[in-house]
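Structure, as structure tokens:
The values are calculated or read from the model by the stated rules, or taken from the named source; none is laboratory data. Computed from a prediction, not measured in an experiment: that's the story for all the values here. All Cβ positions, even for glycine, are placed from backbone atoms using ideal geometry, and neighbour counts span all protein chains on display. Side chains are part of the model used for accessible areas, which takes the heavy atoms of the whole protein and leaves out ligands, DNA and RNA. Shrake-Rupley method; radii C 1.70, N 1.55, O 1.52, S 1.80 Å.
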Amino acid sequence: MSANSPAAVVVLAAGGGTRMKSNSLPKVLHEVCGRSLVGHAVAAAEELTPAQLVVVIGHMREKVAEHLAAHHPGARAVVQEEQNGTGHAVRTALEALAADGVELDGTVIVTTGDAPLLTGATLAALAGAHAEQGNGVTVLTAVVPDPFGYGRILRDEADGAVAAIVEEKDASDAQRAIGEINSGVFAFDAKLLVAALAEVTTDNAQGEEYLTDTLEILRRAGHRVGAVVAADYRDILGINDRVQLATARRLLNDRLLERAMRAGVTVVDPATTWFDVQVSYEPDAVVLPNTQLQGATHLGEGCEVGPNSTLKDTRVGAGAHVSNTTADRAEVGELATAGPYAYLRPGTRLARKAKVGAYVEVKNSELGEGAKVPHLSYIGDATIGEGSNVGAASVTVNYDGVNKHRTVIGAHCRTGSDNMFIAPVTVGDGAYTAAGSVITNDVPAGALGVGRAQQRNIAGWVQRKRPGTTSAQAAEAATERAEEAPAEA
């Protein structure tokens, strides 16, 4: 906490969000770019390092409280038992702090839990202007292209202070022409806020305590009501339905991609590329079309990811190539390659220059430096040493129906195509295995492991067992040709 940090930030997140049409998820837990709506609000507030960070919850409170505890343990959840308005929500938060002996002195920021584009920088600008201007309360406003439905900001012509906030239904034609709107985000002097909330009534059509009533209460008491205009009006956009959720996702994704490109990442087609907020990167990384980077995915310097790839919580090393691949909690080492059409499941670790090729699935396994699984294979619960090559259509048979077992293939091994490794089993350094083998016992270093039955051919089986089929006809024709061949010669 710095000297300029607010005494508290209160995030209002108790509403039901009925227009989201969800029976299982509260509005504030819907996600935008890898973070919940309330998570975005809390993350922005955390940038201010407030002494107290309170989230007021109500609808589906258990789910919201559990989410906050898991992802934002520094935020305190306070329950608003009945949703009696924004003023009541803030009063509930302050009373909970007071009950714990917390006496607020300084600035209190009140923000909403459904505005994912609101940044810490915008909140900091609000708090800074509030302190500099000595306001009793400062409103975050925005000048929007279409202000319909929003409360309009009326300013005092003399000093620019806020004279009133007029709701759409109460505004005159001239007032409706005003483009500056109320965001629902405020900075208050803590002690003045407590006093003003005590005067708020429910004498309105909704029978609720409105936080905006405190502005008129403070203005009548002689305190200045100021306003700060958000640099980007989209910062204040709230989410009420899934259409607005999609709009916010697109806007935030555009911001994330622009930030990445200005940091030296090439995004070939921003329209089909999606980043989560926790994605990180180094210069000269290249992201090809139809790629989604989720969670805490990291792109190393000069790597190339895509096209058609989805990576979640995955690290891609410098110079690596990942094409047409799905990866979850995997690690692709420096200069390694994955794909096309690879599936890297949790616990996959590819060392430097390792290769996982077309239609290969890897789970909880390590490939050493330069190791290769080029084609059509499943590698689960395995360790493959440096320089080894696993033949096409190979499977580590890791599950016996009860427990998982591990396969170890040493360094510089060459395993044949269509091998089954029945774990637990070890193939020693430099060993080979024959194509079509089922390896059930350890293969010593330098040995050739052969585990296949001797072939036998049953002559005439098709003609006898499948008479009249095209196969039988083809076999008969071939037999006739073979019988005629010597005579012609």
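Here are a few things to note about the model shown:
- Measuring nothing but how far apart in sequence close Cα pairs (under 8 Å, 6+ apart) lie, relative to its length, the chain scores a relative contact order of 8 percent.
- Three semi-axes of the equivalent ellipsoid, region 1-48, Cα gyration tensor, whole Å, largest first: 27, 12, 5
- Charge context of Thr291, other residues only, Cβ under 11 angstrom, K/R +1, D/E -1: -2
- Computed helical MRE - 222 nm, the chain, DSSP H runs ≥ 4 contributing -39500 (n - 2.57), nearest 500: -7000 deg cm²/dmol
- For the chain, the membrane-span-like helix rule (DSSP H, alpha carbon extent of at least 18 Å along the helix axis, mean Kyte-Doolittle at least 0.5) picks out 86-99; this says nothing about an actual membrane.
- Listed values [x] 1.00; [y] 1.41; [z] 1.10, entry calculated as Cα Rg over 2.2 N^0.38 Å: [y]
- 5 angstrom amide H check on Thr433, placed H, neighbours 5+ away: Arg414, Thr415, Gly416, Gly449
- Å² per residue, accessible surface of region 33-105 at 1.4 Å: 44 Å²
- Each residue was assigned an accessible area with a 1.4 Å probe, and for Val194 the value is about 80 Å².
- DSSP-defined antiparallel bridges as percent of all bridges, the chain, nearest 5: 20 percent
- In this structure region 329-477 gives 51 Å² per residue of accessible area when probed at 1.4 Å with all protein chains present.
- Gap separating the Cα centres of region 48-81 and region 98-169, nearest whole Å: 22 Å
- Pairs exceeding a 27 Å alpha-carbon distance, out of Lys312/Lys355; Lys169/Lys191; Lys63/Lys191; Lys355/Lys404; Lys312/Lys372; Lys63/Lys169: Lys169/Lys191; Lys63/Lys191; Lys63/Lys169.
- Within region 394-463, trypsin sites (Lys or Arg not before Pro) in DSSP loop having at most 11 other beta-carbon neighbours inside 10 Å: Arg456
- Qualifying aspartates and glutamates (Cα of each under 20 Å from Cα of Lys465; at least 8 residues distant if same chain): Glu476, Glu480
- Positive-end residue, region 242-301 charge dipole about Cα centroid, Cβ charges, pick of Val277, Ala248, Gly264: Ala248
- In the context of the full set of protein chains, residues of region 168-301 present 48 Å² of accessible surface per residue (probe radius 1.4 Å, heavy atoms only).
- Between Arg464 and Ala435, full extension at 0.36 nm per residue minus the direct alpha carbon distance yields a gain of 7.3 nm.
- Virtual spin-label span in nm between Ala177 and Val243, 7 Å along Cα→Cβ: 2.8 nm
- Neighbour cut-off at most 16 other Cβ (10 Å), DSSP loop, GluC sites (Glu not before Pro), region 8-51: Glu47
- The calculated Kirkwood hydrodynamic radius for region 1-126 is 14.5 Å, given to one decimal from all distinct C-alpha pairs.
- Extending 7 Å from Cα along the Cβ direction at Arg250 and again at Lys191 yields two label points whose distance is 5.0 nm.
- In plain terms, the chain from Asn290 to Glu103 could stretch by 62.1 nm, reckoned as 0.36 nm per residue minus the Cα-Cα distance.
- Carbon-plus-sulfur accessible fraction, the chain (probe radius 1.4 Å, protein heavy atoms only): 50%.
- Kirkwood-based Rg to Rh ratio, region 93-210, C-alpha trace: 0.98
- Lys465 accessible area, assembled protein chains, probe 1.4 Å, Å²: 120 Å²
- Counting charges near Thr141 (Lys, Arg +1; Asp, Glu -1) among other residues having Cβ under 13 Å from its Cβ returns a value of -1.
- Estimated inter-spin distance, Gln206 and Arg456, nm [label 7 Å along Cα→Cβ]: 8.5 nm
- Length gained when the stretch His412-Asp146 is fully extended (0.36 nm per residue, less Cα-Cα span): 89.1 nm
- Computed over neighbours whose Cβ is under 15 Å from that of Gly410, the net charge equals -2, Lys and Arg +1, Asp and Glu -1.
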